[in-house]
1. Of all residues in the range 139-166, count the ones that are assigned to a strand (DSSP E or B) and under 19 Å from Gly261 (Cβ atoms).
2. Could you identify the single residue in Thr428, Thr458 that is surrounded by fewer than 23 Cβ atoms within 10 Å (Cβ to Cβ) and closer than 23 Å to Ala415 by Cβ?
3. Give me the residue from the range 239-274 that is touching a helix residue (DSSP H, G or I) at 6+ places or on another chain (Cβ under 6 Å) and basic (Lys, Arg) and, out of that set, nearest to Gly158 (Cα to Cα).
4. Taking the criterion of being in contact with a helix residue (DSSP H, G or I) (Cβ under 8 Å, 6 or more places away or on another chain) and on the phi > 0 side of the Ramachandran plot, would at least one residue in the range 275-283 satisfy it?
5. Of the residues Arg397, Arg434, only one is more than 30 Å from Ala217 (Cα to Cα) and within 25 Å of the chain's Cα centre (by Cα); which?
6. Hey, could you check the range 298-357 for residues that are in a helix (DSSP H, G or I) and of a type in the set (S, T, N, Q) and say which is farthest from Gly468 (Cα to Cα)?
7. Please pick out the residue among His62, His71 that is at pLDDT 95 or above, assigned to a helix (DSSP H, G or I) and under 17 Å from the mean Cα position of the chain (by Cα).
8. Counting just the residues of the range 359-403 that are acidic (Asp, Glu) and assigned to a helix (DSSP H, G or I), which one comes out surrounded by the most Cβ atoms within 10 Å (Cβ to Cβ)?
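The values are calculated or read from the model by the stated rules, or taken from the named source; none is laboratory data. Remember, predicted model here, so these are calculated numbers, not experimental data. Cβ sites come from the backbone with ideal geometry, for glycine too, and all protein chains shown count toward neighbours.
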Amino acid sequence: MAQEAAKPAVSQQVPTGAPRLLVAISIDQFSADIFAQYRQRFTGGLARLTQGAVFPAGYQSHAATETCPGHSTILTGNRPAHTGIIANSWIDQSVAVGPKVVYCAEDVAKRTAGSRDYVASPVHLLVPTLGEWMKQANPAARNIAVSGKDRGALMMGGHDIDQVYWWKGKGFTTLAGREIGPMAVAQNAEITRVLTKGAGEFPLPAYCGRADRAVKAGDVSVGNGHFALKAGDADSFRTSPRLDRATLDLAVKLVDEQKLGKGAVPDLLAVSLSATDYVGHATGTEGAEMCIQLTQLDLALGDFFASLDKRGIDYAVVLTADHGGFDIPERLHEQALETSARVGPDVSAEALSAALGRKYGLEPKNLILSDGPSGDYWLRKDLDVGLKGKLLDDAARLLMTSPYVEAVLPAAQIAATPMPGGSPETWTLAQRARASYNPLHSGDFVVMLKRGVVAIPTPRAGYVATHGSPWDYDRRVPILFWRKGMTGFEQPSAVETVDIAPSLAALVGLKIPQGAFDGRCLDLDGGAANTCGAGK
């Protein structure tokens, strides 16, 4: 059984009136576009948050708009260039055991031969999270994270974390070497009861009727699913509103178990809600499935906030997303968006390796490596430096003949680009790539697909749509702050997710060393008062 740590004396004064609990929520694949599309339909928790400080044009400003890098920005206040989390996974040719692909939340040093599993860890995260700063300032502070994905929980919680849980298999688990606490055991028992019995469909709201129709994506039919749950089908539980409800229910249980918000210093609860991403990948963003998912998510958040209200906790909330998303090309074509397409095989590392291997008389296997048909690519590390330069130039020329490719950026060009500033909506592609570039993990060059090109050549069950592009439909996310009694306002200008951590730090009077954040503090009083002075 997990034991609550002893609470030492307070070491940094907490200002009068500071909230006692910060709740940071990330909705995986919740784009600014989909927030705007459904905003007037919300009646629950999301409706409540729109009464606070609304920044509808938040940006995950970097190019690698994936779950791990996006989550790494939210509570560190730093871009992936500084967090070290440049993608969900990258190639490390020095790995001794197993595949060269390294998962962002994996401790590669603990790999064992023959194992298909990995040891989840925040080991690759290079900067502290807000919860870690809070614990450093006041060791009595509690830093808790829950998620439907390990990378969501670990990138928001960081290294020094009191409790952390994520979905795995048929329930929630935690870090290797830690026991699952009683509240997580209780939540898993509830999930087991549902899985054993199964469950019926979710109701289809009237306004979802327009989206409730089947669309073919290759051999997969999507668009009219209502999330009926067959007994024992844990994958369907995960790819449904049930996962978010279970995650929030566990969060409430941990509030009680850890007495969050009841101590002398502020605590932090990070909640990453993953079902929207799973639904988006499996069905796209414009079918009945997504309409039902967002409706149920709004209701679940409403119940979550009501639970915190009932406990009399003085809490402040921020809600954002790790990235946006894009619908399936097949449905977009029906709407006359002909520029949408699926990427072709010519962009793959295998195709490039074959072509360049023939030209130079080299063994083509692993001549060029990547973890997908876009993003970072690597040249085989044992090649001569001069030959590498020729291969890079030829790879770029070949890729730029593809109708799917917008840009190929060599690592040297990206590294030489100054870290961007100013409004992220105006950044060049090179600047967006720079915000994602870290020499420890980044590739030899980056491939950016054209706007509207989906990086899934062939759709399959559970994976018909995706994100990860440098375009604003993947970069733009809402950022919503709320606290009881605050004056609501809306600020339409572009801000960044790296602005969240310094804003929350100021809210609780946390003094952070200058230069620790890429982001800036946002005034959460809409100009009525300066809320950004306390944390300086």
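1. 7
2. None of the other options fit; the residue is Thr428.
3. Lys253
4. No, there is no match, as no residue in the range 275-283 is in contact with a helix residue (DSSP H, G or I) (Cβ under 8 Å, 6 or more places away or on another chain) and on the phi > 0 side of the Ramachandran plot.
5. Every option except Arg434 fails the conditions.
6. Among residues in the range 298-357 that are in a helix (DSSP H, G or I) and of a type in the set (S, T, N, Q), the one farthest from Gly468 (Cα to Cα) is Ser307.
7. None of the others qualify; the one that does is His71.
8. Out of the qualifying residues, it is Asp394.
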